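The values are calculated or read from the model by the stated rules, or taken from the named source; none is laboratory data. None of these values were measured; they are calculated from a predicted model. All Cβ positions, glycine included, derive from the backbone under ideal geometry; neighbour counts span all protein chains shown. These accessible areas exclude ligands, DNA and RNA; they are computed on the full protein's heavy atoms, side chains included. Shrake-Rupley method; radii C 1.70, N 1.55, O 1.52, S 1.80 Å.
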Amino acid sequence: MSETMLQGDHMKLTLAETKFLKESVGIIADIVTEVRFNVTANAVELIAMDPANVAMVVFKLLGSAFAEYDVKKDCVVAVNLNDLKSVLRRVKPSDTLTMELEENKLKITLKGSSKREFLIPLIDVDEKEQKIPDLNFTATVQTHSDVFSDAVEDADIIGESVSLGLENGMFVISSSSDLSKARIELTTDENTKIEGAETVRSKYSIEYLKRMITANKLAPNVAISFSQDYPLKVEYKIVDKMDLMFILAPRVDND
Amino acid sequence: MSETMLQGDHMKLTLAETKFLKESVGIIADIVTEVRFNVTANAVELIAMDPANVAMVVFKLLGSAFAEYDVKKDCVVAVNLNDLKSVLRRVKPSDTLTMELEENKLKITLKGSSKREFLIPLIDVDEKEQKIPDLNFTATVQTHSDVFSDAVEDADIIGESVSLGLENGMFVISSSSDLSKARIELTTDENTKIEGAETVRSKYSIEYLKRMITANKLAPNVAISFSQDYPLKVEYKIVDKMDLMFILAPRVDND
Amino acid sequence: MSETMLQGDHMKLTLAETKFLKESVGIIADIVTEVRFNVTANAVELIAMDPANVAMVVFKLLGSAFAEYDVKKDCVVAVNLNDLKSVLRRVKPSDTLTMELEENKLKITLKGSSKREFLIPLIDVDEKEQKIPDLNFTATVQTHSDVFSDAVEDADIIGESVSLGLENGMFVISSSSDLSKARIELTTDENTKIEGAETVRSKYSIEYLKRMITANKLAPNVAISFSQDYPLKVEYKIVDKMDLMFILAPRVDND
């Protein structure tokens with residue numbers, strides 16, 4: 001922990017609309033526990049890799065999402081997401097939420113019908129700083145986030161991995177077990193935009209995807225990008241507010 | 001599996017109103033797992049006995065309940081109800097559902113904001129074909145299905161078996177344990193019709209009854225028939241759509 | 001059990017508004033199981049100590065809360081609250097509920113769309129009669145019961161005990177663990193009245209408090225009284241209907 005962490009006057013961040021922080025932390029905590037938030041002049045950002053090195057989470061809450069965004073000097077706020085999630089669960093929709101640093105802790109103040117303060121410890125995160133990999137995708141799909149979540153949950157009743165693919169201009173989500181199969185087809189329409197001429201197909205862990213798709217409660221749309229036997233990018237974005245992106249390694253079967 | 005099972009063009013059944021299939025399969029799967037549906041020109045029918053030989057389920061979904069009902073030749077569709085239930089759980093109220101046979105599987109297609117296909121295996125059911133027993137009842141009661149469900153749940157907090165009886169023209173549902181008793185009385189009124197002059201009484205397993213009474217979500221009324229120490233028939237019926245009937249063996253105590 | 005318990009004509013108590021009995025018994029059953037209700041000309045009363053001698057419950061359901069309140073002679077009705085709770089769970093808002101004594105049992109009759117009777121055993125309670133201790137408090141707070149319940153639940157995410165205190169005219173609810181802290185401040189306003197000049201502070205078990213604060217569903221307001229390292233009194237009251245009071249021993253830490 002750098003010395004700058006010990007001073008309390010570096011940042012004061014106030015949210016009136018707490019949903020984006022609250023829901024995002026709940027989702028991310030299911031993938032990674034100990035994280036570093038980079039608090040800069042423009043945004044609160046997090047890049048983290050899950051312990052099994054299968055999934056990366058990139059989260060950005062923009063300064064413009066805050067009612068008050070006062071960052072005197074860039075800083076790192078490293079916390080256990082379960083600590084943060086417990087506090088955020090106590091936030092009511094009508095509360096305003098303020099985050100500050102105090103006594104080497106993150107202080108969260110909720111103001112509603114009473115004033116409620118929570119102090120949670122800052123931690124040391126050993127892990128090296130993550131970098132978003134440079135990826136090139138041959139297929140991209142934009143659709144309703146609910147439609148994609150439903151498709152993954154459909155696939156989940158059959159198999160442990162899900163195939164995403166383009167076939168004849170359709171986006172196909174499928175899974176199979178020894179004897180059963182699920183296959184969901186999306187075509188281009190007013191809600192769905194499919195790009196990528198080739199036939200591509202790649203397989204991913206349904207367990208990880210199931211945690212990611214709960215972000216449909218954060219954003220009405222999702223952008224899905226992939227290539228043949230290549231990582232998947234799933235991105236939920238609200239302009240001027242937040243961006244929650246997941247990168248998931250492909251699952252390469254020997255069969 | 002007979003050779004006719006291998007052909008895919010025998011049947012195409014489409015439901016716009018999926019509730020009767022979805023809810024019925026959910027209820028039946030709690031009593032029996034491996035079943036044979038007889039698909040005939042008029043209806044999809046199932047007669048099954050639970051593994052303990054205590055309860056029989058008779059389910060009929062009439063051709064007139066379907067938006068499209070195309071059965072070229074009578075056939076048997078044997079499936080594991082848990083497989084079918086998993087798929088049916090994914091049906092949304094606005095989906096249309098089509099069932100076909102394909103590659104020795106049951107293919108279920110859901111059409112809503114996307115097209116979703118599920119293939120589940122057809123199975124061999126060793127059990128011999130069940131026949132509905134010929135029963136004569138001395139007591140019959142028709143009432144609101146919610147009222148009967150509540151009465152059984154009332155009895156459930158006290159004992160493991162429930163007595164159904166007629167006493168002085170009342171329908172009496174009762175249970176007892178060493179020290180406690182429950183007794184529910186229904187009298188003839190605008191919602192309840194009680195027939196059977198005699199005083200009759202018979203005891204049944206509450207565990208089985210509790211699974212059957214969840215059919216109150218399918219039909220507003222229930223017909224209950226029994227005799228002294230004799231099987232019970234509980235029937236939920238929607239004219240021109242479906243009929244879900246249970247027969248439950250009496251419980252004869254030695255005390 | 002005294003001889004008077006065996007007669008059935010001592011009391012007939014009918015409730016049209018069943019909520020106060022139903023919800024109170026549900027809450028009390030989480031603290032103490034075997035209880036004696038004293039049924040007198042004016043009220044049904046209960047004073048009970050939890051098995052660990054940490055918490056006392058005092059419950060009074062006034063005669064004026066009943067639609068019919070006919071008590072010919074004072075009597076004691078001792079029951080297992082889990083038995084009573086199971087029956088009360090079956091009460092629907094539209095039911096009227098009648099309590100009588102019959103065959104050395106408590107008979108509860110529910111009348112709605114059917115007539116439902118439950119008999120539960122009267123029991124022997126060995127424990128000596130409890131007396132409400134004479135307590136003098138230096139701090140009293142009246143506030144919305146929801147606000148107090150929220151504050152205790154806020155404290156619960158951090159620690160196992162909660163401190164209640166007055167500081168500079170504020171009511172402060174706080175808890176801490178090795179590294180985290182929660183602190184909720186209430187000030188006097190139109191909903192909250194704080195009395196007691198001194199700085200006082202006392203610590204209580206959050207486990208017990210969590211069971212007590214569920215009484216916020218019974219009454220909109222709560223009265224909280226305490227002193228330095230002294231028992232806590234939490235009282236939920238509806239004029240002319242009921243009074244549910246808890247007394248909780250302080251938690252004295254060695255640290």
Please report the orientation-averaged projected area of region A:76-161, defined via the convex hull of its C-alpha atoms, in nm². 10.0
Per residue, the convex hull enclosing the Cα atoms of region C:19-167 spans a volume in Å³ of 162
Over every pair of different alpha-carbon atoms in region A:192-255, take the mean of 1/r and invert it; report that Kirkwood radius in Å. 13.0
Could you please state how large a percent of the accessible area of region C:1-123 is carbon and sulfur, counting protein chains only and using a 1.4 Å probe? 46
For peptide B:115-124, what's the mean number of Cβ atoms from other chains within 10 Å of each residue's Cβ? 5
Within a 10 angstrom radius of each residue's Cβ in B:155-162, how many Cβ atoms of other chains show up on average? Whole number is fine. 2
At q = 0.10 Å⁻¹, work out log10 I(q)/I(0) for chain B with the Debye formula, treating every Cα as an identical point scatterer and leaving solvent out; two decimals please. -0.53
Counting Lys and Arg as +1 and Asp and Glu as -1, each charge on the Cβ, what is the dipole of the protein assembly as shown about the Cα centre in debye, to the nearest 20? 1100
Along each principal axis, Cα extent of the protein assembly as shown, largest first, Å: 88, 85, 38
For each pair in A:Lys72/C:Lys193; A:Lys19/C:Lys19; B:Lys128/B:Lys233; B:Lys92/C:Lys85, compute the distance between the two Cα atoms and list the pairs where it is over 30 Å. A:Lys72/C:Lys193; A:Lys19/C:Lys19; B:Lys92/C:Lys85
Unit charges at the beta carbon, dipole of region C:1-128: most positive-side option, C:Val91, C:Ile28, C:Met11: C:Val91
Built amide H within the under 5 Å cut-off of A:Glu34, gap 5+: A:Leu81
With Cα springs under 10 Å, the Gaussian network model of chain A assigns the largest mean-square fluctuation among A:Leu61, A:Leu135, A:Leu179 to A:Leu179
Peptides A:117-130, B:235-248: what's the order by average Cβ count within 10 Å, highest mean first? B:235-248, A:117-130
Would you mind working out the magnitude of the charge dipole of region B:115-255 relative to its Cα centre, with +1 at each Lys and Arg C-beta and -1 at each Asp and Glu C-beta, to the nearest 20 Debye? 340
How high is the relative contact order of chain C, in percent, counting Cα pairs under 8 Å that sit 6 or more residues apart? 21
Residue among B:Ile194, B:Ile158, B:Ala215 farthest towards the positive dipole end of region B:139-242, charges placed on Cβ: B:Ala215
Sum of side-chain charges, B:Leu62 neighbourhood, beta-carbon under 15 Å (Lys, Arg +1; Asp, Glu -1): -3
For the pairing of chain C with chain A, what total accessible surface becomes buried, with a 1.4 angstrom probe, in square angstrom to the nearest 100? 1300
Taking a label point 7 Å from Cα toward Cβ, how far is C:Glu185 from its twins in the other copies, in nm, shortest first? 6.4, 6.4
Please compute the contact order of region B:7-121 in relative form: average sequence separation of alpha-carbon pairs under 8 Å and at least six residues apart, divided by the residue count, as a percent. 34
What is the distance in Å between the Cα centres of region B:142-195 and region A:38-56? 60
Taking r as the C-beta separation of B:Lys92 and A:Phe137 and R0 as 25 Å, the FRET efficiency to the nearest 0.05 is 0.25
Inter-copy distances for C:Gly112, nm, shortest first, label points 7 Å along Cα→Cβ, are 3.1, 3.1
Take C:Asp240 and C:Asn104, extend 7 Å from each Cα along the Cα→Cβ direction, and tell me the distance between the two endpoints in nm. 4.1
Going by accessible area, probe 1.4 Å, with all protein chains left in place, what is the ranking of C:Ser177, A:Ser24, largest first? C:Ser177, A:Ser24
What does the highest-first list of C:226-232, C:64-70 look like by mean Cβ count within 10 Å? C:226-232, C:64-70
Suppose only helical runs count, i.e. DSSP H with n ≥ 4. What mean residue ellipticity at 222 nm does that imply for chain B under -39500 (n - 2.57) per run, divided by all residues and rounded to the nearest 500 deg cm²/dmol? -4500 deg cm²/dmol
Hits among aspartates and glutamates - C-alpha to C-alpha of B:Lys237 under 16 Å, sequence gap 8 or more where chains match: B:Glu17, B:Glu23, B:Glu45, B:Asp146
Each label sits 7 Å from Cα toward the beta-carbon; between A:Glu190 and A:Ala16 the label points are separated, in nm, by 3.2
Take peptide B:176-182, look around each residue's Cβ out to 10 angstrom, count Cβ atoms belonging to other protein chains, and average those counts. 6
Point-charge dipole on Cβ atoms (K/R +1, D/E -1) for region A:1-153, about Cα centre, debye to 20: 540
Between region B:210-238 and region B:92-135, what is the separation of their alpha carbon centroids in Å? 25
For region A:134-246, taking Cα atoms only, what is the radius of gyration to one decimal and the Dmax to the nearest whole Å? 13.2, 47
Distance from a point 7 Å along Cα→Cβ of A:Leu179 to each backbone N in region B:72-103: keep the residues under 11 Å and list them by number. B:78-84
